[in-house]
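Everything below concerns the one structure shown next.
Computed from the coordinates by the stated procedures, all read-outs in this text should not be read as laboratory data. Please read these numbers as outputs of a predicted model, since none were measured by experiment. Quick reminder, even Gly has a Cβ in these numbers, built from the backbone with ideal geometry, and neighbours come from all protein chains shown.
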Amino acid sequence: MMTAYYRSERGYGERPLEPGMALPEGTVWVDLIKPNDLERAYVEAALRIELPTREEMREIEASSQLYVDSDCVFLTTPMVFKIDTPHPQQGELTFILLPKYLITVRYTEPRSFPTFVGRLRKQPELLAGAETALLGLLDAVVDRLADILELVGARIDALSARVFEAPEDSSPIPRHEHGLRVERVMKSSELHDVLSSLGRAGDLNHKVRTNLAALDRLVTFLGPVGASRFSKDHKAAMKTLGRDIRSLVEQSGFLAQEANFLLDATLGLINAEQNGIIKIFSVAAVALMPPTLVASIYGMNFQYMPELAWPIGYPLALTLMAFSGIVPLWYFRRRGWL
């Protein structure tokens, strides 16, 4: 799909394009979404450029992502999308800056593009030129990444509250240890749900940080390349854009550290719960050892055992087994191990 955005008497206009159509007068930005072969050939013939293929856009070398060909500047960056799904994805996005046009080739539909189109309706001066449109689009992309980081931060804060704060409707366990009231401990299923949610938040934060690093390289590359084409206002906007990107990178790093801390805390709680279960089995095994010894002794098949002829031998053995099982439990309880 192709769409042309152009300046008009009303300030702004957009028109879907089909192969063979002439570009509207005053066109500044041509947006290609998942272009087919006919659409690619049409744009290449109309603007006399060679569009990068999707395989070329996926190259990770800096020289393949950011380069200048004649008077055309090619800028490729990954872009995260589908953030509201359990598995956010990354797609390819290429900006091509020509002397009179800005071309975007993308195989994703990030929300930053509709946001920029909405800004055009209120600020048609963003289509004053290809450079202005490019900086406006980059600003919308950075704003969207900032919104995603805010979402990641909110998710991590909510998970932290689940791990470290007792629910409001939970009642404390009616016992005390060392004078402190013991709150209800999260169940294993809840902790595993926290781990799953934390993994998704960390994955999204990682993708955003990758996007920010690529945008930082893009802005750094664009500075000297477009020095002769950018006005003083453009250069000031680029400096602001660079500062915003670097501040978001720092925020992403902080969120990564917080996620790692919360991950360690959650794993610690799971280990504590498992240790508690093992403790129960250990106590049960120790408590049953003396009764088992008594039962084993009187279960022997020797002919001469004086206790076998006692009328009270059976109840005495039962009493001895019960007493030998209760004593260890009482001792553990007195020492505070239970």
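Here is how the numbers come out for the structure above:
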{"read-out": "Rounded tilt (10° steps) of 112-122 against the dominant C-alpha axis of the chain", "value": "50 degrees"}
{"read-out": "Principal-axis tilt of helix 313-335 within the chain, Cα atoms, nearest 10 degrees", "value": "40 degrees"}
{"read-out": "Principal axis box of the chain, alpha-carbon based, largest edge first, Å", "value": "115, 43, 33"}
{"read-out": "Electrostatic dipole magnitude of the stretch 1-100 [Cβ: Lys, Arg +1; Asp, Glu -1; Cα centre; debye, to 20]", "value": "300 debye"}
{"read-out": "For the stretch 291-304, Karplus couplings with θ = phi - 60° (6.51, -1.76, 1.60), whole Hz, Gly/Pro x", "value": "x, 5, 5, 4, 5, 5, 4, 7, x, 5, 10, 6, 6, 9"}
{"read-out": "Degrees separating the helix 37-47 axis from the principal Cα axis of the chain, which is the longest one", "value": "40 degrees"}
{"read-out": "Ranked Ser160, Ser63, criterion: other C-beta atoms within 10 Å, fewest first", "value": "Ser63, Ser160"}
{"read-out": "Burial order of peptide ranges 115-124, 300-309, 72-81 (average beta-carbon count within 10 Å, highest first)", "value": "72-81, 115-124, 300-309"}
{"read-out": "5 angstrom amide H check on Ser8, placed H, neighbours 5+ away", "value": "Gly13"}
{"read-out": "Within a Gaussian network of the chain (alpha carbon springs, distance under 10 Å), most fluctuating of Leu293, Leu126, Leu51", "value": "Leu293"}
{"read-out": "Assigned charges on the beta-carbon of Lys, Arg, Asp, Glu; the chain dipole about Cα centre (debye)", "value": "780 debye"}
{"read-out": "Amide H within-cut-off set for Gly26, under 5 Å, with H built and near neighbours excluded", "value": "none"}
{"read-out": "J(HN,Hα) series, the stretch 237-254, from Karplus relation 6.51 cos²θ - 1.76 cosθ + 1.60, nearest Hz, glycine and proline x", "value": "5, 5, 5, 4, 4, x, 5, 4, 5, 5, 5, 5, 4, 5, 5, 5, x, 4"}
